[in-house]
Amino acid sequence: MQPESDAASQVPATDSEQDAWQRLVMFVEQHVVNSVPHDPGPTVVQPAANAQTPVLAAPISTQSPMCARDRLRPAPPDSFDGEREKGRAFINSCDLYMSLVPDAFPDEQMRINWALSYMKGGRTARFAAHALRHPLSHSGAPHFRSYAEFCAQFIVEFCPQDEKQKAATTLETSAYHQGSRSVDKYIDEFMDLVKEAQFPDGA
């Protein structure tokens with residue numbers, strides 16, 4: 001008897017044996033070889049598309065950054081017609097504008113004349129004309145020697161007199177109550193009066 005290895009290596013000689021052998025080979029190919037997963041070989045990790053792409057830094061500006069103050073465009077105050085209830089708001093608007101763009105006002109007279117340019121109509125127009133046309137002396141000295149002096153005279157002429165006492169009196173009277181006002185409006189007006197009366201905290 002021949003060993004199994006020798007018998008398996010022999011090719012059948014007869015036609016019937018060859019047919020049987022071919023069927024066996026086809027069976028092995030279909031059910032054994034095809035069932036083994038195909039080895040695709042070692043997996044090559046591809047680098048990210050932009051992994052080797054150099055990152056260009058943003059160009060560095062050689063110009064000095066613009067000062068935030070230079071970019072400010074504050075709104076000028078509304079024209080003032082002399083109504084006393086609006087006097088304080090007007091002078092506050094002037095002060096705020098000048099503080100935001102101080103370089104536009106190199107001297108005291110520039111500040112005064114700029115504020116006078118927004119005083120139009122009625123008593124305010126006469127006040128401005130008098131300040132511009134009537135110097136204090138024949139030497140040509142300006143009517144107001146400083147912006148602080150202008151503001152002091154403006155308050156006398158165009159702001160409610162004794163605002164502090166008036167606010168305190170309003171708060172102390174028993175007639176001061178909510179009435180038809182909403183709660184929010186009543187509280188807002190109350191707090192405004194407290195500030196005007198300059199009451200200390202907790203009073």
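Any read-out appearing in this document is the output of simple, stated calculations on the displayed coordinates, not a laboratory observation. In this text the structure is predicted, and so the values were computed from the model without any measurement. A quick note on method: Cβ atoms are made from the backbone with ideal geometry, for glycine too, and the neighbour counts reach across all protein chains shown.
Distant-in-sequence amide contacts of His143, defined by a placed amide H-H separation under 5 Å and a gap of 5 or more residues or a different chain, comprise Leu136. Pairs of alpha-carbon atoms within less than 8 angstrom and 6+ residues apart define the contacts here; what relative contact order does the range 77-158 have, in percent? After rounding, I find 36 percent.
In this structure, the amide hydrogen of Phe80, modeled 1.01 Å from its nitrogen in the peptide plane, lies closer than 5 angstrom to those of Met119, Lys120, counting only residues at least 5 positions away or on a different chain. Neighbour counts of other Cβ atoms within 10 Å put Ile155, Ile91 in the fewest-to-most order Ile155, Ile91.
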